[in-house]
Every structure is written in C-alpha cells, then in structure tokens.
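**Student:** Quick one: this structure, given as structure tokens, is what I'll be asking you about.
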Ligand code: FES
C-alpha cells in the first residue's frame, strides 16, 4: 500500500471512503436508485478480503446525501477528497485496488466538478 496519505498528523485511517446510500421517495434522483448499497457491500468485502481494513489503513462507511445527487451513485475518498461516480463492480474493484490500496486516483471515474444536486 502506498503511504502517500499515511503520514497526515492525526489521521486515524490512511484512507476513508464514504458511499451515499440515500433513498428518496419523492421521485427525485438518489444514489439508492443506482445500486449504491450493492457497491458499498462490494467495496467493504473487497477491502476486507485484501486485508486493507483497519486503523492506519482503510475504512468504508455509509453516508447520507452528499448533495451531488446528479452524479449518482456517489462516493468520496479522503484525505484526497476525490469524488467518484461508478457504474459496476469492476469500477468498485478498481477504486479499491488503485486508490484505496495503491494511492492512485482512478481518473476515469472522477465525478465532474460541476455536478451538484
Ligand atoms: S442522493 Fe446521493 S449524493 Fe444526494
């Protein structure tokens, strides 16, 4: 694993990824309508399977709306503050192996800057 982010003072995790799992019942766009739960589950399983989970390593968390719904499904990785829009399990696997494990941002999956709610 790259240690590019591990030296941040006070950082309990090297990288922290949050998946929006928000469900809306009013017909507006939401990440839950784009298999966000399945992607979260896949990421969590892959991080665990690769031994990446835990203090000083990687944490995978659920989140509510991150207010970038138009780009959903959305996840964000800190400390780099890299926003992702993903489609399938292959995308999640690439985020895990490239960014969460090796510290290399997956450029093709970055959410465009102008995407908001
Ligand atoms: S519903 Fe996912 S970012 Fe808003």
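**Student:** How do 84, 12, 78 line up, fewest other C-beta atoms within 10 Å first?
**Tutor:** Values: 84 24, 12 9, 78 15.
Taking fewest neighbouring Cβ atoms as first place, the list is 12, 78, 84.
**Student:** Counting pairs of Cα atoms in the stretch 15-109, how many percent are more than 20 Å apart?
**Tutor:** Working: 1257 of 4465 pairs.
Cα-Cα pairs of the stretch 15-109 separated by over 20 Å account for 28 percent.
**Student:** What is the angle, in °, between the Cα long axis of helix 36-49 and the longest principal axis of the Cα atoms in the chain? Nearest 10 is fine, range 0 to 90.
**Tutor:** Once rounded, one gets 10 degrees.
**Student:** Looking at the chain as a GNM with Cα springs under 10 Å, which of 36, 81, 53 has the largest mean-square fluctuation?
**Tutor:** Its mean-square fluctuation being the largest, the pick is 81.
**Student:** With both bridge residues required to lie in the chain, what share of the DSSP beta bridges run antiparallel, to the nearest 5%? Mind showing how you got there, number by number?
**Tutor:** Details: 9 of 16 bridges.
For the chain, the DSSP antiparallel bridge percentage is about 55.
**Student:** How big is the convex hull of the Cα atoms of the stretch 20-74, per residue, in Å³?
**Tutor:** In the stretch 20-74, the Cα convex hull volume per residue is 74 Å³.
Any read-out appearing in this document is the output of simple, stated calculations on the displayed coordinates, not a laboratory observation. All values derive from a computational prediction rather than experimental measurement. In this analysis, Cβ positions are derived from the backbone assuming ideal geometry, glycine residues included, and neighbour counts consider all displayed protein chains.
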